Amino acid sequence: MRKQIIAANWKMNKDVNETSEFIYAFQNEMKGVVTAAEVVICPPFIALDTAFELLQGSPFKLGAQNLHFEEDGAFTGEISARMLKSLGAHYVIVGHSERRQYFGETDEIVAKKVKKALSADLKVILCVGESLAERDGGVTEKVLERQVKAALAGLTEQQLASLVIAYEPIWAIGTGRNATPQQAQDAHAFIRKTVAGMLGEHASAALTIQYGGSVKPENAVELLSQPDVDGALVGGASLKADSFAKIVKSSPKEIPTAH
Ligand code: 13P
């Protein structure tokens, strides 16, 4: 049985007040809703504390959007894994394509961040995905294999249990053009096969693989019903409580068994 995880990645949006407003509204939308999905909210660093306080006693988990791979030291402006833990973060997003693209995060840096987060007892949402040029060039699988292999190198099966992979094709992020359910399914099955080659069938069958890229209430049911799609990492549509709640409610109650 695989866990379905629906996560909100707010990126650089919402201040402390807007975070509070969202959480009140979202909890209201979710009153009485039964879902098998784990819900994760990833506000910007400055709102983690507020979000944690407001989420106390709820089933919803808190996540951060990034971390530094060093323990501590002279890294002005950076945030460590231990700091995130101390704010009550449960998850951390690592290797988002915006970090790779705009902040120069290489596969090597991403791998260091994954290890650091896991060693600090944070769960990792590892993002992978190809650009449009890579898809058009027919190298999608090559790119995904390189990213997955680099980020997971040296991890144990036990560590993999604290890791989620988010497949986010770059061309689908913020564009309104989501991957088709079949494109998502094919990429997820490939990622699962790649992980199986590294850490075995058993571990890979249990791995949650989320889809991200223009997920919205209108396409969530179809995407989430694919056998290897185990949740969503949602950007734009997670900024409004009602649309994010609709996406959470689209998650299948019965978790499809691994094949
Ligand atoms: P959008 O849902 O806005 O396309 O963003 C997806 C994403 O990057 C989530 O991490």
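We did not get these values from a lab; they are worked out from the coordinates using the rules stated. Computed from a prediction, not measured in an experiment: that's the story for all the values here. Counting neighbours? That spans all protein chains shown, and the Cβs are built from the backbone with ideal geometry, glycine included.
Worth a mention:
- Electrostatic bookkeeping for ARG146 treats Lys and Arg as +1 and Asp and Glu as -1; over the other residues with beta carbon under 13 Å from its beta carbon, the sum is -3.
- Extension gain, MET12 back to GLN158 (0.36 nm per residue minus Cα-Cα distance, nm): 49.3 nm
- Label point distance in nm, ASP72-ALA205, each placed 7 Å from Cα along Cα→Cβ: 4.4 nm
- Across the alpha-carbon atoms of region 66-160, the computed radius of gyration and Dmax are 14.1, 44 angstrom.
- Sorted by Cβ neighbour density within 10 Å, fewest at the top, the residues TYR24, TYR102, TYR211: TYR102, TYR24, TYR211
- Cβ-Cβ distance of ALA36 and ARG177, R₀ of 30 Å, FRET efficiency by 1/(1 + (r/R0)^6): the value works out to about 0.55.
- Within the chain, helix-based [θ] at 222 nm, where runs of 4 or more DSSP H residues each add -39,500 (n - 2.57), nearest 500: -12000 deg cm²/dmol
- Region 194-259 and region 58-110 have Cα centres lying 22 Å from one another.
- Spacing of the modelled spin labels on MET198 and PHE45, each 7 Å from Cα toward Cβ, amounts to 2.7 nm.
- Taking amide H as placed 1.01 Å from N in the peptide plane, THR175 has its amide H under 5 Å from the amide H of SER214, each at least 5 places away in sequence or on another chain.
- Converting phi to 3J(HN,Hα) with the Karplus coefficients 6.51, -1.76 and 1.60 and the offset θ = phi - 60°, region 140-150 yields 3, 5, 4, 5, 4, 4, 4, 5, 5, 4, 5 Hz in sequence order, with x at every glycine or proline.
- Each Lys and Arg Cβ is given +1 and each Asp and Glu Cβ -1; about its Cα centre, region 189-259 then shows a dipole of about 160 debye.
- Taking 0.36 nm per residue of sequence separation and removing the Cα-Cα distance, the SER86/ALA25 pair yields an extension gain of 19.4 nm.
- Each residue of region 128-137 was assigned a 3J(HN,Hα) from its phi angle through the Karplus curve 6.51 cos²θ - 1.76 cosθ + 1.60 (θ = phi - 60°); the sequence is 9, x, 9, 7, 5, 4, 5, 5, 5, x Hz, with glycine and proline shown as x.
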